[in-house]
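The values are calculated or read from the model by the stated rules, or taken from the named source; none is laboratory data. Given the structure is predicted, the values throughout are model-derived calculations rather than measurements. Here Cβ is always computed from backbone atoms with ideal geometry, including for glycine, and neighbour counts include all displayed protein chains.
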Amino acid sequence: MVVVENAAATGSLSLSEELAAVAARLRRSTVLVRGRGRGAGSGVIWSSRGPIVTNAHVAQGPRSSVGLSDGRSLEAVVTARDPYRDLAALAVDAQDLPAADAADSDGLRVGDLVLAVGNPLGMIGALATGIIHTTGAAGARNGPGGQRWIQADVRLAPGNSGGPLADARGRVIGINTMVAGGLALAVPSNAVTEFLSGASEEHGRPRLGVTIEPVLAPRLSDRLLGLLVLEVEPGSPAEAAGIAVGDVLIGAGGRSFNGPYDLARALRNADRASGVEIDFIRGGRRVTRDVRLPVQPATSER
């Protein structure tokens with residue numbers, strides 16, 4: 001009997017040590033990202049010389065500051081941004097960075113154990129665990145805005161955005177982005193790979209020139225109220241149309257926004273010659289403005 005008990009204890013200790021080692025590796029590959037906007041988020045070192053991947057809403061503006069697990073702070077340049085997927089790529093002047101390993105997100109199964117690392121509420125390198133709720137496999141449209149998402153029953157908080165969602169072996173299977181309906185939503189790793197390779201980039205997409213943040217109903221976390229304008233780029237179509245910081249965008253082209261990526265979809269579908277009407281709330285009043293949409297490279301779109 002004693003032998004059996006000792007074996008069980010040894011097995012338990014081994015499993016605990018293995019999980020701790022996986023978490024330690026994942027924490028080394030997770031960074032703190034500070035953009036020009038409010039607060040901070042997280043990011044993942046995708047290769048030893050970069051890029052670092054985070055959310056587009058975390059890396060606001062052309063530059064960000066990146067804090068590494070070893071205490072170093074590096075200046076980063078945003079080299080690509082896809083607001084539709086809420087992804088951004090950052091370049092840093094460094095080599096031999098502790099890169100994460102990525103896994104095939106289409107191989108996930110409901111019930112798989114997952115780990116999330118990030119910097120929620122100022123807690124650097126915090127770890128949370130949970131299980132896969134839905135996989136976001138190819139062809140599935142399971143989240144706000146009709147996008148593909150991995151949904152996980154894992155606790156996230158402000159500051160986790162842009163950080164890794166990983167499998168039990170510590171391989172990144174998604175980029176944590178938001179919480180909806182009490183579940184964590186992550187961009188699948190396969191979508192990140194496509195984004196970085198440029199396979200899904202559409203050069204010459206129209207851009208509005210704003211940094212936005214979803215505004216959700218207090219008691220219904222998956223119901224979108226609008227898109228709060230945090231920044232307006234000087235000389236942008238938004239500035240020319242009179243859109244200002246603090247406005248809440250609620251629709252475009254006569255259609256209300258139901259998800260955080262409806263703005264990007266409306267811009268893509270807009271008639272380049274006539275532009276698009278943008279509806280927003282300012283000071284409690286509904287305002288509509290005509291916006292002209294000159295074409296810019298996709299990597300500068302926000």
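Being part of a loop (DSSP other than H, G, I, E, B) and either hydrophobic (A, V, I, L, M, F, W, C) or within 10 Å of the chain's Cα centre (by Cα) (or both) is the filter here, so list the residues in the range 154-169 that pass it.
Residues of the range 154-169 that are part of a loop (DSSP other than H, G, I, E, B), as a first pass: 154-163, 168-169.
Once the filter is applied, which keeps residues that are part of a loop (DSSP other than H, G, I, E, B) and either hydrophobic (A, V, I, L, M, F, W, C) or within 10 Å of the chain's Cα centre (by Cα) (or both), the range 154-169 yields Val154, Leu156, Ala157, Asn160, Ser161, Gly162, Gly163, Ala168.
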Pairs needed: first member in the range 171-182, on the phi > 0 side of the Ramachandran plot; second member anywhere, assigned to a loop (DSSP other than H, G, I, E, B) and of a type outside the set (Gly, Ala, Ser); C-beta distance under 8 Å; at least 6 residues apart or different chains.
Gly181/Asp222
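Among the listed residues Val92, Val78, identify the single one that is over 17 Å from the mean Cα position of the chain (by Cα) and at pLDDT below 95.
Values: Val78 fails: over 17 Å from the mean Cα position of the chain (by Cα).
Answer to the selection: Val92.
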Tally, over the range 267-286, of residues that are touching a residue at least 12 places away in the same chain (Cβ under 8 Å) and either in contact with a Gly (Cβ under 7 Å, 6 or more places away or on another chain) or surrounded by fewer than 17 Cβ atoms within 10 Å (Cβ to Cβ) (or both)
10
Go through the range 47-65 and report how many residues are within 16 Å of Arg81 (Cβ to Cβ) and modelled with pLDDT under 95.
12
Can you name the number of the only condition in (1) touching a residue at least 12 places away in the same chain (Cβ under 8 Å); (2) more than 15 Å from the chain's Cα centre (by Cα) that Glu17 fails?
(1)
Looking for something in a strand (DSSP E or B), surrounded by fewer than 20 Cβ atoms within 10 Å (Cβ to Cβ) and at pLDDT 90 or above - is there at least one such residue anywhere in the range 95-111?
no
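Quickly run through the range 192-209 and pick out the residues that are over 21 Å from Ala266 (Cα atoms) and at pLDDT 80 or above.
Val192, Thr193, Glu194, Leu196
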